[in-house]
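S.K.: Sharing a structure with you now.
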Amino acid sequence: MGQVPPNKSTTPFPPSPSPRPALSIPHARPLVSMVTGGGRAESREAGGCGSGSTSTSTSIERSRSGATYGVLSHTMPSSSPRSSPARRAEPGPSPSPTPSCTAVALRSLLAADLQASRRLGVCAGERSAWGSARPLLRLLEVSGHGVPWLAGTLYGLGRSESPAGREVLLNLLFALVLDIVLVAVVKGLVRRRRPTYNKMDMFVTISVDKYSFPSGHATRAAMVCRFVLHHLVLAIPLRVLVVLWAFIVGLSRVMLGRHNVTDVVFGFIMGYMQYSLVKYFWLSPLSAPTLFAIWNQ
Ligand SMILES: CC(C)=CCC/C(C)=C/CC/C(C)=C/CC/C(C)=C/COP(=O)(O)O
């Protein structure tokens, strides 16, 4: 028995869940139980990652509730002396390689991610546990959206009379556009679907926004947060508020059911690094004289 591919996607993420398990193996249990400590037997049976004595067939499975992905593992001897000739003559695919430790770790992370995200998605619908808080979280969604940030920056640019203020706003505009482009590229490459329980009632989206990795709100919030802290002189309570806002925007993505936790965590990291890019390519009258000459005309 060879490896049963969990899906045909070349991306590291599983596709939207099918109502039935990908593979039914009587003695297999989801990896989630291994993660939570309930699957010592399975773990041992699978020979552990990287051991080569057995060939292990692994498949990612979603539970019927759709809440978790686990890994089904079962083993077969790679060359058994007790095999009957008829059995030996059976044609079959070549033994699948034992999954690497990285693959096992990644699958465990994904399983834990899906489980945690489902639990945190308490505002995913009006009837969810915290459904009444959904309108408030949707307001937060707008506060971290690209359209108000772009519109506000353009408005500020039009009104600004100081060259220093214009320079900062021009760079913020560049940062916001860069963010939309980079997030679209990564979403298009990774193509991770949004959680199935997400209601597609999002405020203004573009085509790649059907994908969820990384969270565009998280990248924007982290990048804008760093940008504001570097370029605005703010009292400490306001600085704390800015950081809190960024964090809550990210958390609200999971609570609304828009994203899994890893989308948001990666989004924060990506947004943080995006600001470093903006700082590196900072537009100034020295680095981009033509742009500023046109602008100041
Ligand atoms: C406002 C002005 C002057 C121009 C707007 C131009 C425009 C339509 C830009 C696109 C902005 C946009 C739709 C960004 C995407 C924001 C979004 C829905 C991100 C997805 O976030 P996620 O956290 O769900 O990944």
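The values are calculated or read from the model by the stated rules, or taken from the named source; none is laboratory data. Please read all numbers here as calculations on a predicted model, not as lab measurements. Neighbour counts run over all protein chains shown; Cβ positions are idealised from the backbone, glycine included.
S.K.: Which number in (1) within 12 Å of the ligand (Cβ to nearest atom); (2) touching a Leu at 6+ places or on another chain (Cβ under 8 Å); (3) within 30 Å of P289 (Cβ to Cβ) marks the one condition that I180 misses?
M.R.: I180 satisfies all of (1) within 12 Å of the ligand (Cβ to nearest atom); (2) touching a Leu at 6+ places or on another chain (Cβ under 8 Å); (3) within 30 Å of P289 (Cβ to Cβ) except (2).
S.K.: Continuing with this model, one more query. Please indicate, with yes or no, whether at least one residue in region 222-244 is touching a Gly at 6+ places or on another chain (Cβ under 6 Å) and either more than 30 Å from R127 (Cβ to Cβ) or at pLDDT below 95 (or both).
M.R.: Looking for residues that are touching a Gly at 6+ places or on another chain (Cβ under 6 Å) and either more than 30 Å from R127 (Cβ to Cβ) or at pLDDT below 95 (or both), one finds at least one in region 222-244, hence yes.
S.K.: Out of (1) at negative phi; (2) more than 8 Å from the ligand (Cβ to nearest atom), what's the single condition that is false for R191?
M.R.: It is condition (1) that R191 fails.
One line per residue, one yes/no per condition, for (1) β-branched (V, I, T); (2) in contact (Cβ under 8 Å) with a residue 12 or more places away in the chain; (3) touching a Cys at 6+ places or on another chain (Cβ under 7 Å):
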| position | (1), (2), (3) |
| --- | --- |
| R258 | no, yes, no |
| T262 | yes, yes, no |
| F268 | no, yes, no |
| Q274 | no, yes, no |
| S284 | no, yes, no |
| S287 | no, no, no |
| L291 | no, yes, no |
| I294 | yes, no, no |
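S.K.: On to the next question. For region 201-219, name all the residues that are within 8 Å of the ligand (Cβ to nearest atom) and assigned to a loop (DSSP other than H, G, I, E, B).
M.R.: Residues satisfying the conditions are M202, F203, V204, T205, I206, S212, P214, S215.
S.K.: Still on this structure, I have one more. Could you please give the count of residues in region 241-257 that are in contact with a helix residue (DSSP H, G or I) (Cβ under 9 Å, 6 or more places away or on another chain) and farther than 17 Å from A112 by Cα?
M.R.: 11
S.K.: Also, I was wondering about something else. All but one of (1) of a type in the set (A, V, I, L, M); (2) within 23 Å of R226 (Cα to Cα); (3) under 20 Å from the mean Cα position of the chain (by Cα) hold for M202; which doesn't?
M.R.: It is condition (2) that M202 fails.
S.K.: Output yes when any residue across region 244-252 is exposed (fewer than 15 other Cβ atoms within 10 Å of the Cβ), on the phi < 0 side of the Ramachandran plot and in contact (Cβ under 8 Å) with a residue 24 or more places away in the chain, and no when none is.
M.R.: The answer is no, given that none of the residues of region 244-252 is exposed (fewer than 15 other Cβ atoms within 10 Å of the Cβ), on the phi < 0 side of the Ramachandran plot and in contact (Cβ under 8 Å) with a residue 24 or more places away in the chain.
S.K.: Looking at V224, is it out of contact with any helix residue (DSSP H, G or I) (no Cβ under 6 Å at 6 or more places or on another chain) and crowded, with 23+ Cβ neighbours inside 10 Å?
M.R.: Criteria met by V224.
S.K.: Kindly check whether there is at least one residue in region 269-288 that is closer than 23 Å to P195 by Cα and buried (at least 16 other Cβ atoms within 10 Å of the Cβ).
M.R.: The answer is yes; a qualifying residue exists.
S.K.: Take R239 and decide whether it is within 16 Å of the ligand (Cβ to nearest atom) and in the same structural domain as P135 (by TED's automatic domain parsing).
M.R.: So R239 fails the test.
S.K.: Being within 15 Å of the ligand (Cβ to nearest atom), of a type in the set (K, R) and either closer than 22 Å to A222 by Cα or surrounded by fewer than 13 Cβ atoms within 10 Å (Cβ to Cβ) (or both), is that true of even one residue in region 141-160?
M.R.: Yes; the residues of region 141-160 include at least one that is within 15 Å of the ligand (Cβ to nearest atom), of a type in the set (K, R) and either closer than 22 Å to A222 by Cα or surrounded by fewer than 13 Cβ atoms within 10 Å (Cβ to Cβ) (or both).
S.K.: With the checklist (1) surrounded by 16 or more Cβ atoms within 10 Å (Cβ to Cβ); (2) β-branched (V, I, T); (3) farther than 28 Å from R119 by Cα in hand, flag the one item I236 doesn't pass.
M.R.: (1)
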